[in-house]
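Data first, discussion second: the structure below is written as structure tokens.
The values are calculated or read from the model by the stated rules, or taken from the named source; none is laboratory data. Since the model is a prediction, treat every value here as computed from it, not as a measurement. Cβ placement follows ideal geometry from the backbone for every residue including glycine, while neighbour counts extend to all protein chains displayed. SASA here: full protein model, heavy atoms, side chains in, ligands and nucleic acids out. Shrake-Rupley method; radii C 1.70, N 1.55, O 1.52, S 1.80 Å.
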Amino acid sequence: MEEWIIKFIDLYGYYGVFILIAIENVFPPIPSEIILTFSGFMTTQTSMTVLGVIALSTSGSITGAIVLYYIGKIIEIRSLESFIDRYGSFFRMTTENLHQAMTWFEKYGGRTIFFCRLIPIIRSLISIPAGVTGMPMTKFLVFTLLGTLLWNSLLILIGAQLGASWWKISEYMQTYSVILISTAAILTSLLLIVKMRSRFKAGK
């Protein structure tokens, strides 16, 4: 897949970046860290600029996020859970990832949109609770813009700085993903335990 991503960006430039990032937001198996860091590297080899790549990649991220927002509006959570149970491994998703996104959104609202844009896999899924709860589109877009702008800019700048060694970032991002997702799972579990205890005490 990495080779295909590289060829696509090399062939289509800015448009390739926009298309791949838009798809990545809906289809997580395409790794954004590869797209963005390679795009950053390409700014040192082609006429593409860092600001141009940041603008196109962020536009693509917002486009993909809007698609998932509307999926959340029209599809019931049970249907999504059933779909993820069957095909989640192909999309690098689990129902636990979906539940984490829903729990965080319920707890922290709009701020969750921003922070979850910095967590692989969850960064895509967090658009669904926003659609499910009917979050105002303007608010959703503002938090999405801020989060994706930070994520995209960081990886693009890293790619530009690493130059021909841009590919090394994928190794670090795998570790980053494992640590963040594991931490997220623990925090979600603790939050659920606290909620259950509160309800139990209220029942008494």
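Of 74, 35, all but one fail to be among the hydrophobic types (A, V, I, L, M, F, W, C) and under 20 Å from residue 149 (Cβ atoms); the exception is 35. Can you confirm whether residue 85 is acidic (Asp, Glu) and either modelled with pLDDT of 85 or more or not in a helix (DSSP H, G or I) (or both)? Here the answer is no, as residue 85 does not meet what is asked.
Among the residues examined, residue 63 qualifies as open to solvent by 50 Å² or more (accessible area, probe 1.4 Å), under 18 Å from residue 136 (Cα atoms) and modelled with pLDDT of 75 or more. Search the stretch 41-60 for residues being modelled with pLDDT under 90 and assigned to a helix (DSSP H, G or I), and hand back the single one that is farthest from residue 162 (Cα to Cα). Among those residues, the one meeting the criterion is 42.
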